[in-house]
Amino acid sequence: MFRPIVPSNVRIHWYEYQKLEDISEEIFEKIRTGFAAQRTENPLVSINIIAWNEESNILRNLSSLSTMKSSYPVEFIYVDNNSKDKTSEIIRRCGITPVLELKQGYGFARQTAMESSHGKYILTGDADTVYPPGWVDSMLKPIVAGKSLGSYGTYSFIPGKGQSRLNYAFYEFFRDKIHALRSINHPELVVAGMNFCFPREEALKIGFIKNNSRMEDGQMAYALLKKGKLKRITNSSSRAWTGTRTVEQSGSIVNAVFVRVVKELKRFRIYFYKKK
């Protein structure tokens, strides 16, 4: 689906701020109230968010999750992966006590979050990402129905000032086509930690890889695929929305497209071979 605009239920959480001091007490109180209304002693799903130096981004994530609408009991686990800024203070001001993981790395942080969880299912997300209110139920639907062991969603970009959402919409449209093709035989190459749901008990037996490379999600997906199916979810309710930092690493949206095309052409043939 082509998405030329950012949905209003996502845009409402995209606060423009730079540091803790820019956030009003009114906003903190609103978020605290939202989380308090969802508090439970017996969660079915644990939402795991990992963060490292996300003072200028994490409020958006907290705001979106505080308004989550789910038919299942949910808990929220935030892991501060040894941040040097006020990431943890913002989390606390929003009514949640962060878990501290001093070992630097995505795998260490994901593992700590999972071990701190109590839900039957884990739903992983990123601190710089906003989620629509139906995210939890959308990701859990095929799992609870017994149609898959786990699920994974996709994501879109929220442009910054002076950037065109239309450019990113075209980029995502073609990227999603590539992901659909890749998912047939190699879903582990598509799964992203910002939008991944799986059973906690099975994942604990596997464990997240212990390093600081961005491969902890694919490694977990690859291991889980040996135990069951992972369902790709693409509807609007399951789509995460994030900033453009990863694209900007390529210099521009044009460069990002070029880099992706070159990368996909190099490994295009593997899409047609099933993993053994």
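Some observations on this one:
- Lone unmet requirement of (1) touching a Phe, Trp or Tyr at 6+ places or on another chain (Cβ under 9 Å); (2) outside any helix (DSSP H, G or I); (3) acidic (D, E) for E75: (1)
- Yes/no for T112 being outside any loop (DSSP other than H, G, I, E, B), farther than 30 Å from V6 by Cα and either modelled with pLDDT of 95 or more or among the hydrophobic types (A, V, I, L, M, F, W, C) (or both): yes
- Single unsatisfied condition, K231 versus (1) at pLDDT below 95; (2) touching a Phe, Trp or Tyr at 6+ places or on another chain (Cβ under 9 Å); (3) within 29 Å of L149 (Cα to Cα): (1)
- Taken over segment 45-67, the criterion of being part of a loop (DSSP other than H, G, I, E, B) and in contact with a Ser or Thr (Cβ under 9 Å, 6 or more places away or on another chain) is satisfied by W52, N53, E54, E55, N57.
- Residues of segment 29-47 that are over 13 Å from I77 (Cβ atoms) and either in contact with a helix residue (DSSP H, G or I) (Cβ under 6 Å, 6 or more places away or on another chain) or small (G, A, S) (or both): I31, G34, A36, A37.
- Test for K229: is it more than 27 Å from A51 (Cα to Cα) and in contact with a Ser or Thr (Cβ under 7 Å, 6 or more places away or on another chain): yes
- Within segment 31-44, if we keep just the residues that are hydrophobic (A, V, I, L, M, F, W, C) and not in a loop (DSSP other than H, G, I, E, B), the residue that is nearest to Q18 (Cα to Cα) turns out to be I31.
- Taking the criterion of being surrounded by 19 or more Cβ atoms within 10 Å (Cβ to Cβ) and either in a helix (DSSP H, G or I) or of a type in the set (D, E, K, R) (or both), the residues of segment 142-166 that qualify are P142, I143.
- Residue in segment 262-273 that is assigned to a loop (DSSP other than H, G, I, E, B), modelled with pLDDT under 95 and either surrounded by fewer than 13 Cβ atoms within 10 Å (Cβ to Cβ) or of a type in the set (G, A, S) (or both) present: yes
- From the options F35, F2, residue that is surrounded by fewer than 16 Cβ atoms within 10 Å (Cβ to Cβ) and either of a type in the set (F, W, Y) or within 28 Å of M114 (Cα to Cα) (or both): F2
- Residue list for segment 61-75, filter: surrounded by fewer than 24 Cβ atoms within 10 Å (Cβ to Cβ) and touching a strand residue (DSSP E or B) at 6+ places or on another chain (Cβ under 9 Å): S63, S66, M68, S70, Y72, P73, V74, E75
- Hits in segment 41-72 (condition: among the aliphatic types (A, V, I, L, M) and more than 11 Å from S83 (Cβ to Cβ)): L44, V45, I47, I49, L59, L62, L65, M68
- Of all the numbered requirements in (1) part of a loop (DSSP other than H, G, I, E, B); (2) touching a residue at least 40 places away in the same chain (Cβ under 8 Å), N82 misses one, and that requirement is (2).
- Per-region count, segment 13-30, residues free of Cβ contacts under 8 Å to residues at least 40 places away in the same chain and either not basic (K, R) or not in a helix (DSSP H, G or I) (or both): 9
- Qualifying residue in segment 238-252 (condition: more than 18 Å from I50 (Cα to Cα), at pLDDT below 95, assigned to a helix (DSSP H, G or I) and of a type in the set (A, V, I, L, M, F, W, C)): yes
- Leading residue by the ranking (nearest to the chain's Cα centre (by Cα)) among those in segment 216-229 that are surrounded by fewer than 17 Cβ atoms within 10 Å (Cβ to Cβ) and touching a residue at least 24 places away in the same chain (Cβ under 8 Å): K229
The values are calculated or read from the model by the stated rules, or taken from the named source; none is laboratory data. Computed from a predicted structure; not experimentally measured. Heads up, the Cβs are rebuilt from the backbone with ideal geometry, glycines too, and the neighbour counts pull from every protein chain shown.
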